[in-house]
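Peer 1: Below are the structure tokens for one structure; questions will follow.
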Amino acid sequence: MYSYGVTALHPGPDWPRVIAAYKLSVFAHIVDTSLTVSAPLIKRGIYVFSSLEIKARRIALDRAGLVAHFSVLVPLVVLLILRFGKWIVRRSVKNDYDAVPGSPIRKAARLETGVKVSRTWGRVSWWLDEEMVAGWGERKFWIAGLGWWAWLITLCVVGTGDDYMHITKRFGIVAVSQFPIHYMLSMKSAYSPLSLALNTSHEELNPYHRVLGRVIYSLLFLHASWYLNFFAWAGFLSALYKRPVVIIGWTVFLLITTMVTTALEPIRRWSYRVFFTIHLIFGIIILPMLFFHTSALRIYILEAFGLFIYDIICRKLDTTTGFASITAIPNTNLVKLEIPIPATKQKRFTAAPGQHIYLSIPPESTPPNTSTLSIHNLLFNPFTIASVSATSITLVLRSLSGPTSKALKHLTTLPKAHPPISVEGPLGSTKSFPDLTSYDRILLIAGGIGATYILPLYEHLQDQMETHARSPDRVQLIWSIRSAADASWALKPEGRVPLNDDENVRIFITQHSSASEESVIPGSPTAIEMSDLKKEEVVVNARGGYERPDLKEVVDGVFKLGREERVAVVVCGTKGMARVVRGEVGRWVEWGREVWFHDEGFGW
Ligand SMILES: Cc1cc2nc3c(=O)[nH]c(=O)nc-3n(C[C@H](O)[C@H](O)[C@H](O)COP(=O)(O)OP(=O)(O)OC[C@H]3O[C@@H](n4cnc5c(N)ncnc54)[C@H](O)[C@@H]3O)c2cc1C
């Protein structure tokens, strides 16, 4: 004879009663104390409870959900405190430097606590920013993800005893309690609460959205598998297609599985549209479904839905449409767009260099034969603002094989037309960069179209140097391009020294480099680019030469200029280029040099 709580239990399977007990306790949250369950199920932790016990379990479940939900605030507050601490240390170090600029005293300053702390922090943050394995994401995301996963698992397990249904339900509610922060991390609007609180931009938050997505999925996977397991034990698999609540649960799980699968990098690379449309549509559908799955989840679902709507409204309000002039840049596969901006937004566009916008093509500008419900209604692609004037912004984009690229390329064939183009933004993290002019040297490295980001930054820094009466030689620009024509859009910046005459700009033209031809992957954007090479008429002063830049030599050259100098390095190019630059700079960080490093990738 087995007993648990107030219920008398008899050994031996008694499936009809087990199912009746399950229905009452799990769905109706009431219990008939005369019901019994069999010994095999008890051994597996499946019991029939009194109504009081059911209530206690409900309270414990709700509490776990709320703790998981609100505990998100803890890392946020810790992060803000850490940032404040970092700011204090930097300030004290900067004051030391400003006070004692002489070289021998400066060396002695290395021993001072502020400098030591700052350098140790520099090494730690460099280590955190490193990829665990090439292409597998930075260490900080892994640590954050595993730490958060361990915390949520603890919340799922603590106090569940040997009650199988309790732990199964816990995994469900704790997973869904993370939906609001998960949706918040995906918000692209400049007015996202997290972007505002952390003074950051969506592309910096997006990796955490992906990590949290995997954490949530792992919890939901266990929740769903344990329910399936239970149905199998209890001989109640018919619930999978008979009970609406179970049908909803399984459908949501399958939708989320599809979202997680299509978000994997190979699929995103194969078709960004497939990933994006599935993510958007399924991301909306699952909310009402979970709302009806169980009432305990509603608070989290409403919150996530509210954030989703808030993001859409902010983004709509931050989108303007103007009649653009779109031209193809001769002998390249580059397209130049000039899009008017409203006077009210001009200040935001000029607030920082290297910001980007989201471009979308309204139905009236989509190529002929496009259906009314076209993919363009859902697409918005990011492009960096190459320059800003009082009335317009200029974008330069490499035409690839995707729908937005193709549509814009098509619009260049209508030279007199000024099709309406919508832009949302500006967005980007450059606003929150530290004051780069406080560094002794600044090295900017651009690969190909990455110059849309690096060149405005270079011009801005040169202006800053002039304002602070510092030598312009402190800022160096390396730009690697395949053909001279690729630089044509940038050679004569308005009101500035032409790039060809600027001693601090080294352009490398790599089209003659056999190394670059060897590394072309057939069908890749690079291959398209190579096949497009034509006779060039543009004259570029290739101060760097006609080979790929030797990035080791470039980096070492800057660091060797002064033994104690603080160096800022910004790179915007291919992933491979950024990885090499980071590796080379990393050696100097190891040797104790103070470095600020930023890699602006053009895709995720
Ligand atoms: C911050 C940022 C700035 C960029 N600036 C420039 C630039 O100045 N010039 C330039 O030529 N290219 C730039 N890119 C790359 C550019 O966005 C893609 O090349 C372009 O969207 C490709 O469009 P498509 O129609 O050919 O292909 P799609 O199939 O629409 O997209 C191809 C790839 O573009 C990226 N992409 C598309 N839409 C999004 C999105 N909504 N969010 C994030 N990534 C997306 C993804 O990596 C995707 O795999 C930038 C990318 C980013 C993230």
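The values are calculated or read from the model by the stated rules, or taken from the named source; none is laboratory data. Treat the numbers as computed from the prediction; the structure is a model and nothing was measured. Note that we place each Cβ from the backbone using ideal geometry, even for glycine, and neighbour counts take in every protein chain shown. Just so you know, the surface numbers come from the protein's heavy atoms only, side chains and all, with ligands and any DNA or RNA stripped out. Shrake-Rupley method; radii C 1.70, N 1.55, O 1.52, S 1.80 Å.
Peer 1: Exactly which chymotrypsin sites (Phe, Trp or Tyr not before Pro) in the stretch 376-458 are in a DSSP loop and have at most 12 other Cβ atoms within 10 Å?
Peer 2: Nothing satisfies the criteria.
Peer 1: What length, rounded to one decimal in nm, is gained on full extension from residue 346 through to residue 128, with 0.36 nm per residue of separation minus their alpha-carbon distance?
Peer 2: 74.8 nm
Peer 1: Starting from the Cα of residue 237, step 7 Å along the direction of its Cβ; do the same at residue 154; then give the gap between the two resulting points in nm.
Peer 2: With each label placed 7 Å out from Cα toward Cβ, I get 3.9 nm.
Peer 1: Rounded if a/c is under 1.5, else prolate if a/b is larger than b/c, else oblate: which is the stretch 143-317, with a ≥ b ≥ c the root eigenvalues of its Cα gyration tensor?
Peer 2: prolate
Peer 1: Find how much the distance from residue 83 to residue 473 grows on full extension, using 0.36 nm per residue of separation minus their present alpha carbon separation; answer in nm with one decimal.
Peer 2: Stretched out fully, the residue 83 to residue 473 stretch lengthens by 137.3 nm.
Peer 1: Provide the solvent-accessible area of residue 71, counting protein heavy atoms only and rolling a 1.4 Å probe, rounded to the nearest 10 Å².
Peer 2: Counting only protein heavy atoms, the figure is 20 Å².
Peer 1: Which of the residue pairs 431/492; 116/552; 316/409; 188/336; 140/345; 55/188 have a Cα-Cα distance greater than 30 Å in the structure shown?
Peer 2: 140/345; 55/188
Peer 1: Can you give me the pair-distance distribution of the stretch 321-427, C-alpha pairs, 5 Å bins, whole percents?
Peer 2: Going out from 0 Å in 5 Å bins, the stretch 321-427 shows 2, 13, 24, 26, 19, 11, 4, 1 percent.
Peer 1: Sketch the reach of a paramagnetic label on residue 302 as a point 7 Å from Cα along Cα-to-Cβ, and name the residues of the stretch 165-208 whose backbone nitrogen lies under 15 Å away.
Peer 2: 180
Peer 1: Non-local amide H neighbours of residue 596 (under 5 Å, H modeled in plane, Pro and chain starts lacking H): which ones?
Peer 2: Long-range HN contacts for residue 596: 567, 568, 569.
Peer 1: Evaluate the distance, in nm, between pseudo-label points positioned 7 Å from the Cα of residue 289 and of residue 214 along their respective Cα→Cβ axes.
Peer 2: For the pair residue 289/residue 214, the computed spacing is 2.4 nm.
Peer 1: Moving on. Given a 1.4 Å probe and heavy atoms of the protein chains only, how would you sort 441, 563, 91, 243, largest accessible area at the top?
Peer 2: Listed by decreasing accessible area, they come as 563, 91, 243, 441.
Peer 1: For residue 164, tell me the accessible area in Å² from a 1.4 Å probe, rounded to the nearest 10.
Peer 2: Number for this one is 30 Å².
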